[in-house]
Amino acid sequence: MRILVCVKQVPDTTEIRIDPETHSMIRTGVPSVLNIFDRYAMEVALRLREQAGEGHITVLSMGPAQAEAVLRECLALGADAAYLATDRAFGGADTLATSYVLAQAIRVIGDFDLVLCGKQAIDGDTAQVGPEIAQHLGWPQVTNAAELTLQGDEYLAKRETDDGYEMLLLPPPGVVTVTKPPFEPRYPSVKGKLAAKRAEIHILSTENLPLDTAKAGLKGSPTRVRRTYTPAVKTGGVKVEGLPPRESVAGLLEFLQEKVPGEA
Amino acid sequence: MKNHDVWVWIETTADGAPRPAGLQLLNPAARLAQAQGGVPVALVMGQNVGEAVQEAQSGGARRIIVVEGGAYARYSTDAYTHAMVNLLSEYAPATVLLGATVNGRDLAPRVAASLKTGLTADCTELEYDREKQLVVWTRPAFGGNLMAEIICPDHRPQMGTVRPGVFSQLCMGENRAEIITCEVPFAKEDIRTKIVDTILQTATDSRDIATAEIVVAGGRGIGGPQGVELLQRLAEAFGGVAGASRAVVESGWMPHTLQIGQTGKVVAPRLYIACGISGAVQHRVGIAADTVVAINSDPEAPIFDIADYGIVGDFFAVAEELIKQLTDKK
Amino acid sequence: MQRKPVMPDYESYCRDESRLGGTAREIAFPENARQLAEVLAAAAKEKLKVTVQGARTGLAGGAVPEGGLIISTQNMNAILGLRQEAGVYYLRVQGGVTLEDVHAFLRRPKPGDNWTDEAKSLCEEMGSGQRFTPNPTETTATMGGLFASNAKGTNSLGYGGVGSYVNSLLWADAGGSLREITRGEYVFDQKGCTLPGGSYMTVADTPKGGLPLLYPVQGMDLVDLLAGSEGRAGIIAELELRLEPEPAESWGIVYFFDTDAAALGFAAELANWRVQEENTAMLSAVEYYDGATLEMVRRERENMAALKTMAELPTAAGAALYVVLQGEDPETLELALGEHLELFEAAGGRDEDSWAAMGSAEMEVFDTLRHGVPEMINVQVDALRLECGAIHKTATDFEGPGQRGAEYCEMYHRDIAGSGVEGFVFGHILENRLHVNLLPRNEAEQQTCHQMMQDWARRVLEDGGLIAGESGVGRLRLPLYGEIIPESRKKQLSETLRILDPEGCFSGDWEAVL
């Protein structure tokens, strides 16, 4: 069984602060981490391999050179090979251009039964790259899977839906995007961590990937960011002081009726 | 054939009923369509979709494209992508909206990638730039720390998924829509994923504070066991569950399974009512609520800093009054 | 300086993390040294007993009042400035600044508005990458409180307590006088030392009697004497903290073992490794968790947000050691790790039952474990107390002879098993500073626990160890161990206190025992 896990290095959004004066996002000093849903995808890959008793796990990322760090994290957890697609020509990509490069990389590395992605990256929250990779490859997909196991030659996914769960059988080769599973991802072992420090990271670029550069990077991105701004900060709410309970409570219920429809 | 219409996917459930997320989008679709010089069009796929068609009509659709057939009886990535891609290629509308539901976010990127066009995820605002004749898609990023305005200048259709609940459904009883039934053949056997089981779970255990919709939490300011009793009655009146601050658990008034905060649970209800809780940082990290209400006798209590509505007053007096007014309403 | 009645608004200030409760009439919240001195002077005039409080995170009840006035330092929370001398940075803070605040400042240094221009530009220059090395787990504690209990951090094996990283103090004594005390200015010679107020303190000529505090010896600096004086000798208005650059490399490893014996065997091997090696890789912590503790983590994690996202513990794990290695050279550290791994496997460990983290961000999750464990036990105690009011937190803070950690650990386990009480053992195994936490279910068991603790305390004293290793004596431990402590040491302690606090303003409760 050959599994490929797509991972992304993202800024730790819990550490992001807004400069109160300029209202802009302070990104300096914000640590870069492995996207949490990708960590879940990696854990799912490891469990599948354990269930099968065999298997090869490849990790793939697109990003700047320092994104190597998250690939090493996956190697430490037990991935067998790591690829980093990095090239100036890939910069400024939206989800379509990103998924195009990743899909081309997956074709070149070759011969996978399963591609796993985190449900979404916590910086962009688009949840689009996984399904778009599947479309580029022409493979079936299951998105939002909380669990994934082998069942015969196929994969059995527990997909979280708006109404509960669906159990879906997916034939290989396919793409699955992973949401929070009912278990927590493992930590690397000492040996894993030490080996990962020395492991080779294969670099993919326009030089060794068969690409139509018009479809990659900013050039290949149909969308543009026109403007970004920080949302209005939550100002202190209403504070009622010195009113008899009857009035303050009436005011509260009125407020709730507007703010939390269906309540009160 | 290019047109200026705005298409909306009316998502249906397994029994053919429409989901609100799609119907809501007919509202901004009407506005955008008018600006673009087209009409709002509803796309309904499924089986037994009579109700969905009717609701799309009263929701403001001027044209309704209906795709019916066994392969569409339940949502599947393969069949729905196939039909949507075919229809969008044929009709070439300027704009397509989908609800950012689980299935909407499954379908939209497949369709966008197939049509090689741009897609903006989980939008919370939609505007139209008349000068450039573009939809301006606004969406949060970086965990809501940043808002981004996205445009799709040169590719059509411009596509986006929109967060459910951002727009409300229109109700235009008199509206007359043109209904077009389209045949998009697709064999059920060609759906590569097979649903083997469905587990319906309408709501998670509402008695569990970690998943409850409404949490009424008490702190040291509720005074003692008597206060706990009142807190529980208040929680009941709101149809929620009672929770506790660390101080209350430490005092032995409530069990630690109900503790909220750093050393307890994180709660993410729609409504959080903090009673007699001062609101130390250690407690606040446990609150991920949409709306926070605080009742506290100390006007300086830090809980007021994060409260959307705060009442400075005695817990017993305010809570009794709240219960009274809530019961009176019912 | 305004004082407020404690009841009803400030009732919670009568308790601390020890779960002991007391009473007080009034409370004051000074915001700076001047206000602090004012309130102390007034209290002295009225002959009020004074209890000083930081964040009330202490485990020994040091912040629990017994009548009189509470002085809370919680509003003395400003970071005052930064200076540099001989390449070392010194950060000046008010006593009520929390360790969390200090960490946050060091992560992203931002000068205060009223800092001098020099300090501001120095702050810019310093950037991130400095740390306050002793890193007590309780980050919500105040710096004044940490100094007053001479708290030991997670890295105490490598670096020692908080006191050694304080360079200078602004000290408010019982009369309300403020004195700046800087390291090197007041050092005890073979006889004693003249203190800032002019009084003279002689060096101790008694055995230590298991108590690390207020025990002047030749060569000791007054700053070190005051470190660990537990608010009984004066109040810390301001402190100057000595910063150090972050070590280039840190590794945190949790090693899991099937059996306790394997874990203790590995710890012994690490102790050997530590003395043999002359490399730059420093073993800065070796913490032990017994099987009962791990079992509790498995059981209780669902109820604790901080631990919920931690990976499942290996199912077979019956004991664990958390090892922190720090150093400047990555190669040396990796070499050391390789050696440890060999020792681990020789002790019966399996690589897949190890958790490895590199750098402070990755190590954070393991820190939540070490902090979460005592919190979890507190929650259990609270639950038991609901059933039986006589139950209170029953935990040891002994430090036995360093080499005999395993022996002590076995003794604790043997006695706990014999008593039938539920108990948890964890802590710094190489320093033999193990925390034994007991969960008595009724009054009889509570009695059994007391007896066990007293027996252990006697053993510790016989072996020349400490009965208050790192959380202080507070209000809890003197009554508990009063009979065990040698009379001569009690007398010395009482005399020393009398010199620093002649009217007994801070030490009312201790006097009764001493």
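The values are calculated or read from the model by the stated rules, or taken from the named source; none is laboratory data. Keep in mind that this is a model prediction, so the values were computed, not measured. With ideal geometry, Cβ positions are generated from the backbone for all residues, glycine too; neighbour counts draw on all protein chains shown.
Of the residues that make up segment C:364-378, is at least one closer than 17 Å to A:Pro185 by Cα and at the interface with another protein chain (Cβ under 9 Å from one of its Cβ atoms)? Scanning segment C:364-378, I find at least one residue that is closer than 17 Å to A:Pro185 by Cα and at the interface with another protein chain (Cβ under 9 Å from one of its Cβ atoms), so the answer is yes. Within segment B:228-243, the set of residues being in a helix (DSSP H, G or I) and over 18 Å from B:Leu326 (Cβ atoms) comprises B:Val228 only.
Does C:Leu214 satisfy the condition of being assigned to a strand (DSSP E or B) and under 27 Å from C:Thr98 (Cβ atoms)? Judged against the criteria, C:Leu214 is not a match. Screening segment C:145-166 for residues that are in a helix (DSSP H, G or I) and farther than 26 Å from C:Val275 by Cα and picking the one that is nearest to the chain's Cα centre (by Cα) gives C:Leu146. Set side by side, the residues C:Arg242, C:Arg301 differ, and just one is more than 21 Å from C:Gly427 (Cα to Cα) and buried (at least 16 other Cβ atoms within 10 Å of the Cβ), which is C:Arg242. Considered as a group, the residues in segment A:162-179 that are under 18 Å from the mean Cα position of the chain (by Cα) and assigned to a strand (DSSP E or B) include one that is farthest from the other protein chains (Cβ to nearest Cβ), and that residue is A:Val178.
The residue pairs whose first member lies in segment B:280-294 and is part of a strand (DSSP E or B), whose second member is buried (at least 19 other Cβ atoms within 10 Å of the Cβ) and of a type in the set (D, E, K, R), and whose beta carbons are closer than 9 Å, counting only pairs six or more residues apart or on different chains, are B:Thr291/B:Asp308; B:Val292/B:Asp308; B:Val293/B:Asp308; B:Ala294/B:Asp308. Looking at B:Asp15, is it under 18 Å from B:Ile180 (Cα atoms) and among the acidic types (Asp, Glu)? Criteria not met by B:Asp15.
Scanning segment A:201-228 for residues that are in a loop (DSSP other than H, G, I, E, B), hydroxyl-bearing (Ser, Thr, Tyr) and more than 14 Å from chain B (Cβ to nearest Cβ) yields A:Ser205, A:Thr206. Taking the listed residues C:Gly472, C:Gly423, the one that is in contact with a Ser or Thr (Cβ under 6 Å, 6 or more places away or on another chain) and outside any helix (DSSP H, G or I) is C:Gly472, with no other qualifying. Residues of segment B:104-161 that are more than 8 Å from chain A (Cβ to nearest Cβ), polar (S, T, N, Q) and under 20 Å from the mean Cα position of the chain (by Cα): B:Thr124, B:Thr138, B:Thr161. Once segment A:151-206 is narrowed to residues that are small (Gly, Ala, Ser) and farther than 24 Å from A:Lys8 by Cα, the residue that is surrounded by the fewest Cβ atoms within 10 Å (Cβ to Cβ) is A:Gly152. Remark: pairs (first residue in segment B:156-179, closer than 17 Å to B:Glu125 by Cα and modelled with pLDDT under 90; second residue assigned to a loop (DSSP other than H, G, I, E, B) and polar (S, T, N, Q); Cβ separation under 7 Å; 6+ apart in sequence or on different chains) = B:Arg163/B:Thr124; B:Pro164/B:Thr101; B:Val166/B:Thr124.
Residue-level analysis places C:Gly81 outside the set of residues that are within 24 Å of C:Trp510 (Cβ to Cβ) and out of contact with any Cys (no Cβ under 8 Å at 6 or more places or on another chain). Applying the set (1) more than 14 Å from chain A (Cβ to nearest Cβ); (2) part of a helix (DSSP H, G or I); (3) of a type in the set (Lys, Arg) to C:Arg301 leaves exactly one unmet item: (1). Scanning segment B:298-313 for residues that are more than 8 Å from chain A (Cβ to nearest Cβ) and surrounded by fewer than 17 Cβ atoms within 10 Å (Cβ to Cβ), we see that the one that is farthest from B:Gly243 (Cα to Cα) is B:Glu300. Just one of the numbered conditions (1) buried (at least 18 other Cβ atoms within 10 Å of the Cβ); (2) among the aliphatic types (A, V, I, L, M); (3) out of contact with any Ser or Thr (no Cβ under 8 Å at 6 or more places or on another chain) is not true of B:Leu200: (1).
Of the residues that sit in segment B:244-253 and are more than 7 Å from chain C (Cβ to nearest Cβ) and assigned to a loop (DSSP other than H, G, I, E, B), which one is farthest from B:Thr211 (Cα to Cα)? For segment B:244-253, the residue satisfying everything is B:Ser251. Applying the criterion of being under 19 Å from the mean Cα position of the chain (by Cα) and assigned to a loop (DSSP other than H, G, I, E, B) to the residues of segment C:217-239, the residue that is surrounded by the fewest Cβ atoms within 10 Å (Cβ to Cβ) is C:Ala233.
For segment B:83-98, a tally of residues being surrounded by fewer than 21 Cβ atoms within 10 Å (Cβ to Cβ) and under 26 Å from the mean Cα position of the chain (by Cα) returns 1.
Residues in segment A:97-148 that are over 19 Å from B:Arg163 (Cα atoms), at the interface with another protein chain (Cβ under 7 Å from one of its Cβ atoms) and assigned to a strand (DSSP E or B): A:Gln141, A:Val142. Of everything in segment C:321-333 that is within 13 Å of chain A (Cβ to nearest Cβ) and surrounded by 19 or more Cβ atoms within 10 Å (Cβ to Cβ), the residue that is nearest to C:Leu369 (Cα to Cα) is C:Tyr322.
The residues in segment B:254-268 that are part of a loop (DSSP other than H, G, I, E, B) and more than 9 Å from chain C (Cβ to nearest Cβ) can be counted, and the count is 2. Listed conditions (1) of a type outside the set (Ser, Thr, Tyr); (2) within 23 Å of C:Gln403 (Cβ to Cβ); (3) in contact with a Leu (Cβ under 7 Å, 6 or more places away or on another chain); (4) not in a loop (DSSP other than H, G, I, E, B) are all met by C:Leu493, apart from (2). Of the residues in segment C:250-257, none is among the β-branched types (Val, Ile, Thr), touching a residue at least 60 places away in the same chain (Cβ under 8 Å), over 30 Å from C:Val297 (Cα atoms) and in contact with a strand residue (DSSP E or B) (Cβ under 7 Å, 6 or more places away or on another chain).
Against the conditions (1) part of a helix (DSSP H, G or I); (2) over 30 Å from C:Asn272 (Cβ atoms); (3) free of Cβ contacts under 8 Å to residues at least 60 places away in the same chain, C:Arg458 satisfies every one except (2). Inspect all residues belonging to segment C:389-408 and state whether any of them is assigned to a helix (DSSP H, G or I), away from chain A (no Cβ under 14 Å) and buried (at least 22 other Cβ atoms within 10 Å of the Cβ). Checked against the condition, which is being assigned to a helix (DSSP H, G or I), away from chain A (no Cβ under 14 Å) and buried (at least 22 other Cβ atoms within 10 Å of the Cβ), segment C:389-408 yields at least one hit.
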